[in-house]
Structure formats: structure tokens, C-alpha cells
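*Asks:* Got a structure for you, written out below as C-alpha cells; questions coming shortly.
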Amino acid sequence: MAKPRNRPDVVNSDFFSGVTPLWVGPGRAPIPERFHAASFSLADWVTSRLPRNSDQNWSASESGFWPLRHLLIEATERWHSYDWKADEDLIASRKLDEKHLETLAKATCAFRHALGKPALRRAERDLGVSIVAALSPDARIEITHEDGCNAVANALRELENWASQPDRHPARYGPLLYDTLPARLPKPEIAVALVLADLVTGFRKDGHNAGGIHFPRPAALSPELPWKSIAEFATAFSDDPEASITPENVATRVRNLRGKVAQIMR
């Protein structure tokens, strides 16, 4: 992590004088207090990323501080209002269904083998006739004993094969898109931190920008990101000390999460 240069608290911007990292312009609502520390940390990082021979300050247009601060606040507020519980419940339900399907597959296999015994071949045929009659009461059922037994056996085999297939459909958790059901879900703060790190990567002004404006897509992480500021933005709404993430571990946890997630949403 780059060491911040000494940053003046009050500077003259391109168009206004005496501005701070919390300045918002005439007629605009002030920055909520929960974002104050993150905004100052972002200004520290922006200062450290300016060319060493630059005589500009963190508020200059070359720094990109103002639009970047706006994007990070907007993204944090948007994901705070998202219904994370709904995604969590859906993923949990799909995992439970997967366990039930495994039980169904085993039971179907045992039932199919039991019906296949010579003493139960008539019951196998009668089962098929009963199913057809239940689905279509007016149908004329003209089927040989052998064909009826084979139809039931084949149908049970297909049901068994279907129930044996693992859930390989994509899954969503907030801004995260997984190719398949994730074994474990990250804390929402870590998911938000990944999105914020991608935003910084896309809009930084020092030549290390990457990614793009089209979503969903794989997350892009450039080197020497402002992890302290990202951690403070991501936990801006957290009242639980146990849920907070620190600059010391956020970088590692975000990079690990990136390797498990197929794409992210803006």
C-alpha cells in the first residue's frame, strides 16, 4: 500500500477555493458523517498517486477525486438498500433442494429395482396403467404387459438420473454472480468491497485503470488500491464491530473472493 504524502486539509480546487475532501458544492446535501473517514482516506490515497513532480493537489481534475468519491458513496448506498436476505434464502433453499433430490434419487433407484423383481412385474405394469389413467381418464390403454413394465422402468430411471444431477445453475448474491452454488457466502461488506475496488480500478487517473463500464463482467483489480478507504466505505453502514473489515485483511479477502466469483454487477 502506497504511503500517503502529506495532504493539506483545505486547498483551492480548479473552480473553488477553501475546499476539503468533504466539499460538495453549492446547494448540495452534505456528505453523511458515516462517509467522512472514507473520504479523507481516499484523498490521502489520491495524493499518494499523483506524480512526485506534480505541483497539483488532491482536488485537481487530474486526481479524479471528486467523481470517484461520488461513485463510491453511490455504490455503497445502493448495495446497503439491497435485499441480501432474499438472495441468501434462495441459495439456502436450492442447497436444501439438492439434498432432497439426492434422497429422491436413492429412493427411486431402490423402488425401481424392487419393482423389477419377478414377483412384482404385474405391479410394475399396473403402476404404469394407473398413472396414464390418472393423467388422462378417457384414454384407451392398449399396451402389452412387457411394454408397460419397460415404460415404468425407463421413467423411473430417467427420474433417478434427473434427481442425481447436481445444481449447476448460476447463483446471485448481491453484486456477485457465481457459475454454480457457492459453498460459502462472504459477508455483504466483503462483496461490496470487491465492487468498490473494481470501481476504483476503472476510474483511477494514474494509468493503472482497467475494467469497463459494461456489467455484468469479471471484477478487475489494479495494484496499490486504496484498501483503507475501501474498507471504510464498505463498512459505513455497519453497526456490528464483528462485521467490520480492516485495511489489514480487506485486500486478501477481496482478492480471494474475486477468484470464486464469475462476474460482478455494478
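*Asks:* Restricted to region 76-116, and to residues that are hydrophobic (A, V, I, L, M, F, W, C) and in contact with a helix residue (DSSP H, G or I) (Cβ under 6 Å, 6 or more places away or on another chain), which residue is farthest from residue 32 (Cα to Cα)? Walk me through it before giving the result.
*Replies:* Quick first cut of region 76-116, residues hydrophobic (A, V, I, L, M, F, W, C) only: 79, 84, 86, 90-92, 96, 101, 104-105, 107, 109-111, 114-115.
Within this subset, residues satisfying the condition of being in contact with a helix residue (DSSP H, G or I) (Cβ under 6 Å, 6 or more places away or on another chain) are 79, 84, 101, 104-105, 109, 115.
On the way: 79: 16, 84: 23, 101: 49, 104: 53, 105: 54, 109: 61, 115: 69 Å.
Across region 76-116, the extreme among qualifying residues is 115.
*Asks:* Identify all residues within region 121-178 that are of a type in the set (Asp, Glu) and in a loop (DSSP other than H, G, I, E, B); write none if there are none.
*Replies:* Applying the first criterion (of a type in the set (Asp, Glu)) to region 121-178 yields 124, 126, 138, 142, 146-147, 158, 160, 167.
Listed by number, the residues that qualify are 138, 142, 167.
*Asks:* Looking only at region 26-40, decide whether some residue is touching a helix residue (DSSP H, G or I) at 6+ places or on another chain (Cβ under 9 Å) and modelled with pLDDT under 85.
*Replies:* Scanning region 26-40, I find no residue that is touching a helix residue (DSSP H, G or I) at 6+ places or on another chain (Cβ under 9 Å) and modelled with pLDDT under 85, so the answer is no.
*Asks:* How many residues are open to solvent by 50 Å² or more (accessible area, probe 1.4 Å) and without any contact (Cβ under 8 Å) to a residue 12 or more places away in the chain when one looks only at region 110-125?
*Replies:* The qualifying residues number 6.
*Asks:* Would you mind finding the one in 160, 189 that is under 30 Å from residue 236 (Cα atoms), under 43 Å from the mean Cα position of the chain (by Cα) and open to solvent by less than 60 Å² (accessible area, probe 1.4 Å)? Reasoning before the result, please.
*Replies:* Working: 160 fails: under 30 Å from residue 236 (Cα atoms).
The match here is 189.
*Asks:* Among the residues of region 200-217, write down those that are under 23 Å from residue 179 (Cα atoms), in contact with a helix residue (DSSP H, G or I) (Cβ under 8 Å, 6 or more places away or on another chain) and open to solvent by 80 Å² or more (accessible area, probe 1.4 Å).
*Replies:* Across region 200-217, the qualifying residue is only 213.
*Asks:* Can you list residue pairs whose Cβ atoms sit under 9 Å apart, with the first residue in region 9-20 being under 14 Å from residue 39 (Cα atoms) and the second being open to solvent by 40 Å² or more (accessible area, probe 1.4 Å) and among the aliphatic types (A, V, I, L, M)? Count only pairs 6 or more apart in sequence or on different chains.
*Replies:* 19/10; 20/10
*Asks:* Could you tell me whether region 108-122 includes any residue that is at pLDDT 85 or above and of a type in the set (Gly, Ala, Ser)?
*Replies:* Yes, there is a match, as at least one residue in region 108-122 is at pLDDT 85 or above and of a type in the set (Gly, Ala, Ser).
*Asks:* Could I ask something else about it? Picking from 43, 105, 60, which residue would you name as being out of contact with any Gly (no Cβ under 7 Å at 6 or more places or on another chain) and either closer than 21 Å to residue 227 by Cβ or surrounded by fewer than 13 Cβ atoms within 10 Å (Cβ to Cβ) (or both)? Explain how you work it out, then say what you get.
*Replies:* Numbers: 105 fails: either closer than 21 Å to residue 227 by Cβ or surrounded by fewer than 13 Cβ atoms within 10 Å (Cβ to Cβ) (or both); 60 fails: either closer than 21 Å to residue 227 by Cβ or surrounded by fewer than 13 Cβ atoms within 10 Å (Cβ to Cβ) (or both).
Of 43, 105, 60, the one residue that is out of contact with any Gly (no Cβ under 7 Å at 6 or more places or on another chain) and either closer than 21 Å to residue 227 by Cβ or surrounded by fewer than 13 Cβ atoms within 10 Å (Cβ to Cβ) (or both) is 43.
The values are calculated or read from the model by the stated rules, or taken from the named source; none is laboratory data. Being a predicted model, the structure only gives us computed values, none of them experimental. All Cβ positions, even for glycine, are placed from backbone atoms using ideal geometry, and neighbour counts span all protein chains on display. These accessible areas exclude ligands, DNA and RNA; they are computed on the full protein's heavy atoms, side chains included. Shrake-Rupley method; radii C 1.70, N 1.55, O 1.52, S 1.80 Å.
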